[in-house]
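*Asks:* Okay, here's the structure, questions in a sec.
The values are calculated or read from the model by the stated rules, or taken from the named source; none is laboratory data. Note that the structure is predicted; figures quoted are calculated from it, not measured. Cβ placement follows ideal geometry from the backbone for every residue including glycine, while neighbour counts extend to all protein chains displayed. Side chains included, ligands, DNA and RNA excluded: accessible areas come from the protein's heavy atoms. Shrake-Rupley method; radii C 1.70, N 1.55, O 1.52, S 1.80 Å.
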Protein chains: 2
Amino acid sequence: MKPIELTRQARPVTTTVDAINDRGEIVPTPIAGEHALTLYLDKRELVTLMTLGDAPEHLALGWLRNQRILRSIDAIAAVQVDWETDSVAITSRSLRERGVSLWDLDGETPLSQGLDERLRHRTVTTGCGQGTVFGDLMDDIDALRLPAGPILTDTTLMAVMDQVRKMESIYKVAGAVHGCALLVNAATKVPTKVSTKATPDPGTDPCLDPGPTMLRFVEDVGRHNAVDAIAGWMWLEGVDGADKIFYTTGRLTSEMVIKCAQMGIAVLLSRSGLTGMGHAIAQKTGITLIGRCQGRHYLLFTGAQRLVRDGHER
Amino acid sequence: MKPIELTRQARPVTTTVDAINDRGEIVPTPIAGEHALTLYLDKRELVTLMTLGDAPEHLALGWLRNQRILRSIDAIAAVQVDWETDSVAITSRSLRERGVSLWDLDGETPLSQGLDERLRHRTVTTGCGQGTVFGDLMDDIDALRLPAGPILTDTTLMAVMDQVRKMESIYKVAGAVHGCALLVNAATKVPTKVSTKATPDPGTDPCLDPGPTMLRFVEDVGRHNAVDAIAGWMWLEGVDGADKIFYTTGRLTSEMVIKCAQMGIAVLLSRSGLTGMGHAIAQKTGITLIGRCQGRHYLLFTGAQRLVRDGHER
């Protein structure tokens, strides 16, 4: 893949304002930022997102990916955020190298096929935040089937919940944001043979469960922005979803489950609950959906075949 | 106002599915419904909302109102929800009575002016749920100024928090929803003179604070749906916002504050936090914004002149 020209224009995540509490005292209180960010693809306006602005380039990429506006990141030459104009300009390789915009190419290449059509239908979904899916929400559901693996041990599950709880988060400081985390599933890194060493070396012994590794933790004023920013980062870095775990503080609505399925991630955890449609889509696509992850408790809703109870409570 | 033809097509709010808990036990678990609902105005498709489906007619009306698609409910003859096709057909009086759709009239009447223009720009906002404002989100902010009154006593504030906490809610059963409540501000019903009766009669004595009256409590998988459903009900019933209090379980983002200002409601409470833009818009429009309402605690962020500390803690 050719390199993409990318700005790095994160906004400050919180500001502090004075509030008055119930005892009449003035309390300086950090609050989360919220900024309008208008996306342009080859100079055509697509949408305005309201975002914390902490990862605007990844958000723009992930939005294009999850809305299925573009089918491959190879079409993109540059992502340039400019907070002076509250905008992000996405430039295609076609425009950059040949002076022909994707809009003029519409229908001529697989990358650009049906751009207009995909923009025509609007679905405003339940999620916090970037809750719009262009095109028929259910269009590609029938084509999405996640592979049976990988397994998830409850040791890994508990470790994910521990790691997420300990994150230094904007939420702890200012509230009003949702967080999403992408982790490598520890179970996929552990071979099945038993260690024969008396004192296994955690650094090199492949039989020791290394625990899940957190790759990204993104917060945003909308949970759909947070998941899109992770999807954009995965696209940019060429990171595959197959051996990953996705965690969100937000509810598991249809759109959250669809986005995870699109990213190829088979294990989806949430601190919150789920909706009927989220449940149905998880069943259909073969996702392991675990909700109400709090403390050491959880409820497994779908995809039970992946969960291996290896006795985390011992 | 002429009567509007309205279906009453609420969906069941929860279904029960089997989950497996962390001890391996099967736990029947109620989960919130989520349904696609496509809005048509005079046969033209506007948007698909993902909703709990508990108040779809009010949701459709409130969406048209809060997106400023229609400027008056007088333009509407019928709102007909059909879950067979997951759709709601809104029919204008113009089409019903004269066979001319609002789209054909575009620009010819104040009711329909700029319909296409308003649909052209999409803003996907931070909120849970119906987070799209067509047209420039900030367009009308400069024109919105709420009157200085009414006052809010902290006795009323505590009573609102009590009432909301005690609601039999879908949230308590299934989670994954946000709630919004519309209440009459008790203070606006209380004259300033002091009662001279030895034993005031709560039924007739105008000097006894009657407490806030809850008019509506709506839950939805998206908090923007819940606020829209309340806006639609207010439009339908001709209910003014001036003496009302709005409560939401959700975060106070720009869109929530803008919608309250559009509804003419000067007092906005939330169990959650707020964003910088929500704060700025509340300041600009003159809204009293109170966040983190939990137990007997709260943080007042803007519009302090309305809050009267009458000693609820005595």
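*Asks:* Quick check on my filter: what residues within segment A:237-257 are over 19 Å from A:Val177 (Cα atoms), open to solvent by 10 Å² or more (accessible area, probe 1.4 Å) and not acidic (Asp, Glu)?
*Replies:* Those that are over 19 Å from A:Val177 (Cα atoms), open to solvent by 10 Å² or more (accessible area, probe 1.4 Å) and not acidic (Asp, Glu): A:Gly238, A:Val239, A:Ala242, A:Lys244.
*Asks:* Restricting to segment A:243-289, and then to whatever is in contact (Cβ under 8 Å) with a residue 40 or more places away in the chain and touching an Asp or Glu at 6+ places or on another chain (Cβ under 7 Å), can you tell me which residue is nearest to the other protein chains (Cβ to nearest Cβ)?
*Replies:* My answer is A:Thr275.
*Asks:* Can you tell me which condition A:Asp240 does not meet? The list is (1) under 23 Å from A:Ala159 (Cα atoms); (2) more than 9 Å from chain B (Cβ to nearest Cβ); (3) touching a residue at least 40 places away in the same chain (Cβ under 8 Å); (4) not hydrophobic (A, V, I, L, M, F, W, C), and all the others hold.
*Replies:* In the conditions (1) under 23 Å from A:Ala159 (Cα atoms); (2) more than 9 Å from chain B (Cβ to nearest Cβ); (3) touching a residue at least 40 places away in the same chain (Cβ under 8 Å); (4) not hydrophobic (A, V, I, L, M, F, W, C), A:Asp240 misses (3) alone.
*Asks:* Out of everything in segment B:11-49 that is part of a loop (DSSP other than H, G, I, E, B) and under 30 Å from the mean Cα position of the chain (by Cα), what residue ends up being nearest to B:Glu168 (Cα to Cα)? Don't jump to the end; show me each part of the working.
*Replies:* Within segment B:11-49, the first condition is being part of a loop (DSSP other than H, G, I, E, B), and the residues that meet it are B:11-13, B:22-25, B:33-34, B:42-43.
From the residues that got through so far, the ones that are under 30 Å from the mean Cα position of the chain (by Cα) too are B:11-13, B:33-34, B:42-43.
Numbers: B:Arg11: 18, B:Pro12: 15, B:Val13: 13, B:Gly33: 17, B:Glu34: 20, B:Asp42: 37, B:Lys43: 38 Å.
It comes out as B:Val13.
*Asks:* Here is a further query. Would you please list the contacts, defined by Cβ atoms under 7 Å and residues six or more apart or on different chains, that run from a residue in segment A:222-234 that is of a type in the set (D, E, K, R) to a residue that is open to solvent by 10 Å² or more (accessible area, probe 1.4 Å)?
*Replies:* Here the result reads A:Arg223/A:His178, each pair linking segment A:222-234 to a residue that is open to solvent by 10 Å² or more (accessible area, probe 1.4 Å).
*Asks:* So, in segment A:259-292, how many residues would count as being under 17 Å from A:Leu144 (Cα atoms) and open to solvent by 10 Å² or more (accessible area, probe 1.4 Å)? Even if it seems obvious, please write down each step before you answer.
*Replies:* Here is the first cut: in segment A:259-292, the residues under 17 Å from A:Leu144 (Cα atoms) are A:259-268, A:277-289.
Those left that are additionally open to solvent by 10 Å² or more (accessible area, probe 1.4 Å): A:262, A:264, A:277, A:279-280, A:283-284, A:286.
Adding up the residues that qualify gives 8.
*Asks:* For residues that are free of Cβ contacts under 8 Å to residues at least 60 places away in the same chain and surrounded by fewer than 24 Cβ atoms within 10 Å (Cβ to Cβ), scanning just segment A:40-63, find the one that is farthest from the other protein chains (Cβ to nearest Cβ). So that I can check it myself, show each step before the final result.
*Replies:* From segment A:40-63, those free of Cβ contacts under 8 Å to residues at least 60 places away in the same chain are A:40, A:43-45, A:48, A:53, A:56; that's our starting set.
Checking the rest, the ones that are also surrounded by fewer than 24 Cβ atoms within 10 Å (Cβ to Cβ) come to A:40, A:43-45, A:48.
Numbers: A:Tyr40: 13, A:Lys43: 16, A:Arg44: 12, A:Glu45: 8, A:Thr48: 4 Å.
Here the residue is A:Lys43.
*Asks:* For B:Ala19, state whether it is open to solvent by less than 50 Å² (accessible area, probe 1.4 Å), within 13 Å of chain A (Cβ to nearest Cβ), within 30 Å of A:Gln305 (Cβ to Cβ) and in contact with a Phe, Trp or Tyr (Cβ under 6 Å, 6 or more places away or on another chain).
*Replies:* On the way: open to solvent by less than 50 Å² (accessible area, probe 1.4 Å): yes; within 13 Å of chain A (Cβ to nearest Cβ): yes; within 30 Å of A:Gln305 (Cβ to Cβ): yes; in contact with a Phe, Trp or Tyr (Cβ under 6 Å, 6 or more places away or on another chain): yes.
For B:Ala19, the condition - open to solvent by less than 50 Å² (accessible area, probe 1.4 Å), within 13 Å of chain A (Cβ to nearest Cβ), within 30 Å of A:Gln305 (Cβ to Cβ) and in contact with a Phe, Trp or Tyr (Cβ under 6 Å, 6 or more places away or on another chain) - is met.
*Asks:* So, one more: May I ask you to verify whether A:Glu84 is touching a residue at least 60 places away in the same chain (Cβ under 8 Å) and either of a type in the set (Asp, Glu) or under 26 Å from A:Val239 (Cβ atoms) (or both)?
*Replies:* On the way: touching a residue at least 60 places away in the same chain (Cβ under 8 Å): no; either of a type in the set (Asp, Glu) or under 26 Å from A:Val239 (Cβ atoms) (or both): yes.
For A:Glu84, the condition - touching a residue at least 60 places away in the same chain (Cβ under 8 Å) and either of a type in the set (Asp, Glu) or under 26 Å from A:Val239 (Cβ atoms) (or both) - is not met.
*Asks:* So, A:Val221, is that one aliphatic (A, V, I, L, M), within 30 Å of A:Ile4 (Cβ to Cβ) and within 10 Å of chain B (Cβ to nearest Cβ) or not?
*Replies:* On the way: aliphatic (A, V, I, L, M): yes; within 30 Å of A:Ile4 (Cβ to Cβ): yes; within 10 Å of chain B (Cβ to nearest Cβ): yes.
Spelling it out, A:Val221 is indeed aliphatic (A, V, I, L, M), within 30 Å of A:Ile4 (Cβ to Cβ) and within 10 Å of chain B (Cβ to nearest Cβ).
*Asks:* Related question: Can you pull out the residues in segment B:150-183 that are among the small types (Gly, Ala, Ser) and either open to solvent by 10 Å² or more (accessible area, probe 1.4 Å) or closer than 30 Å to B:Asp18 by Cβ (or both)? Please lay out each step first, then the result.
*Replies:* Step one: list which residues in segment B:150-183 are among the small types (Gly, Ala, Ser), which gives B:159, B:169, B:174-176, B:179, B:181.
Result: B:Ala159, B:Ser169, B:Ala174, B:Gly175, B:Ala176, B:Gly179.
*Asks:* Right, another one. Please indicate, with yes or no, whether at least one residue in segment B:300-311 is touching a Gly at 6+ places or on another chain (Cβ under 6 Å) and aliphatic (A, V, I, L, M).
*Replies:* No, segment B:300-311 has no match at all.
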